[in-house]
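K.L.:
Structure provided below as structure tokens; questions to follow.
Read the figures in this text as sums done on the coordinates, not as results from a lab. None of the values given here were measured: they were computed from a predicted structure.
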Amino acid sequence: MKDTSDILYLSSDIMPSVGEIETNFCLGPIFSTSSDIATQCNLTTEGFGMQQILETQKTIVTTLALMKRDVDMLLTIAGNKALTNVNPPAQQVRNTFTRRQDFPLKLVTNVTAFEELLNDEAIMAEFVTFLKMQGGRNKEEYMDRAMKKLLCDSLGAQYSFQGRRGKLPFFKLSNIWSGIKTSIDGLFAITEHDKEMLVKEWLVNTGCREGKRVKRTLAAEISSNF
């Protein structure tokens with residue numbers, strides 16, 4: 001950061017005259033004692049008392065001190081602002097994104113709202129990065145992790161890829177589907193058909209998982225009543 005200590009010195013050769021007064025600061029340091037100022041400066045005091053001159057000096061010193069403080073503060077703010085503009089680390093991206101929505105999504109209304117949110121290109125880019133962070137040893141594991149992070153089982157069970165058998169069409173969530181496809185590109189060798197099949201399989205499996213969970217819950221409730 002730029003050093004502002006040079007403001008402690010005044011480089012003006014001659015101050016403007018006031019009546020008969022001509023004050024020469026002699027390039028001396030601003031922060032001097034009153035006796036130093038009187039010694040260093042060539043003062044003609046006709047029509048103007050020494051007390052008034054010293055008061056003027058004091059006012060100048062105070063003003064420059066405040067200016068120095070303000071400049072230092074602005075430089076500090078500018079430095080902090082520059083630091084916040086660098087690319088954030090992975091954990092920071094994750095924290096920023098999960099504050100936007102409660103993941104995994106649990107309601108159809110949450111999905112609809114998130115689909116609209118992804119019209120913002122910056123949020124879409126953040127979403128893609130968020131999915132990539134889930135990782136996986138292969139494309140199947142990656143898609144499983146990404147989809148589990150996006151939708152809970154009870155919500156995923158309400159969708160099929162094409163929207164058949166009375167379920168909601170997942171492919172019509174164009175922004176979400178685009179983000180998923182983009183996230184896996186470059187990570188694995190995969191075709192558009194492969195991407196579609198992986199999501200279809202995940203939606204079928206999540207429906208099965210949810211069905212089994214419901215059966216277990218019902219069985220537990222029935223047994224507890226007897």
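K.L.:
Which of the pairs 148/200; 132/200; 106/195; 139/167 have their Cα atoms more than 21 Å apart in this structure?
P.N.:
As for pairs spanning more than 21 Å Cα to Cα, those are 106/195; 139/167.
K.L.:
Show me, bin by bin at 5 Å from 0, the whole-percent P(r) of region 120-162 based on Cα pairs.
P.N.:
So the P(r) values, bin by bin, are 6, 20, 22, 21, 22, 9, 0.
K.L.:
For residue 159, what residues show an amide H to amide H distance below 5 Å, using hydrogens built from the backbone and excluding near sequence neighbours?
P.N.:
Amide H neighbours of residue 159: 168.
K.L.:
Jot down the per residue volume, in cubic angstrom and as a whole number, of the convex hull over the alpha-carbon atoms of region 160-208.
P.N.:
About 73 Å³ per residue, rounded to a whole number.
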